[in-house]
Structures are given as structure tokens and as C-alpha cells.
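Written out below as C-alpha cells is the structure these notes cover.
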Amino acid sequence: MRNYELTLLLRTDVVESELQGLLGEISSMLQDEGALITSQDSKGKRALLAPVKKHAEARLAVIKFTIDPQKIEVMDKKLREKESILRFTLLSYAPGKAKERTILKTVVAAIVKEPTELEKVELEDIDKRLAEIFREEV
């Protein structure tokens, strides 16, 4: 199972009640394929930088879910058949990576201390210290 984020650009002629129905239909289609929906959000109307299928505006919606990667092709075909969808993007993501990067930066910042004017450091000492730091990260 892998985490995915589906971003949809929908036609603006879809009213709010139809939009919720369409998102519900897409969510149920995902669940029929074995997906676990983690979040669903409608971001409202957005102006497009370039026209998409002769539309200057679109409604933006985001659905996050977990599904088996082998079923993505089936979902792709089903989403392309929907006339209300102008474009969509399906991204795979790892939910905890941003926090891990932040923690790593904090740890590295704690290891490095500010040099004083009186300290002289040999090049060999720097190489040894760098080797120690890189061994600790792995």
C-alpha cells in the first residue's frame, strides 16, 4: 500500500451540490478498488494560468488516499472518462519525510559549534569530524 494525493481540476459549471456528489462518486470509486481515503478537500474556484480545454477557471479539489500501486492504472482510466474533470494529477508521497528532514537539520546544527577566533583547526581534524558525522547519519 502506498500513499497518494489526487489533485483535480473540475469544470466551473459544476455547482457546489454537484461537486460534493462528484467527489463522493470519485471517493466511492477509489474505495471500490480497495483505497482507504484519508482526506478530501474542495479548494474552491481558481483562475488558471493557461486555458485548459478552453476554460480559464476551474474548481480545485484534493483527495488523499492509500491504495495498492497495481490498481493505479485502473483508477487512471476511470478518471479520464469523467467529463467534469478537466485535468488531474496523481502523486505518491511519504507522509513523514518533512519532519525527518527538520529533525536532521536540528541535530546537525547542535553538533556544529561556533568557532572562536583563538581556535585553530587542522585539516585532518576536520576530515575526521566529517567522517564521524556522516557515519552517525547513516
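Derivation of every value follows stated rules applied to the coordinates shown; laboratory data play no part. What you see is a predicted model; the values in this text were computed from it and never measured. Positions of Cβ are generated from backbone atoms using ideal geometry, with glycine treated the same way; all protein chains shown enter the neighbour counts.
Quickly work out the ARG129-to-ILE37 label distance, labels modelled 7 Å from Cα along the C-beta direction, and quote it in nm with one decimal.
Output for this residue pair reads 5.4 nm.
Using the Cα centre as the reference, give the magnitude of the dipole from point charges on the C-beta atoms of the stretch 1-52 (Lys, Arg: +1; Asp, Glu: -1; all else neutral), rounded to the nearest 20 debye. Walk me through the intermediate numbers first.
Numbers: 5 positive and 8 negative charges, 59 e Å.
It comes to approximately 280 debye.
How much length would be gained if the chain were fully extended between TYR93 and GLU81, taking 0.36 nm per residue of separation minus their Cα-Cα distance, in nm to one decimal?
The TYR93-GLU81 span can extend by a further 1.8 nm.
Could you tally up the Lys pairs in the stretch 2-92 with alpha carbons closer than 24 Å? Skip any pair fewer than 8 positions apart unless they're on separate chains.
Final tally of qualifying lysine pairs is 20.
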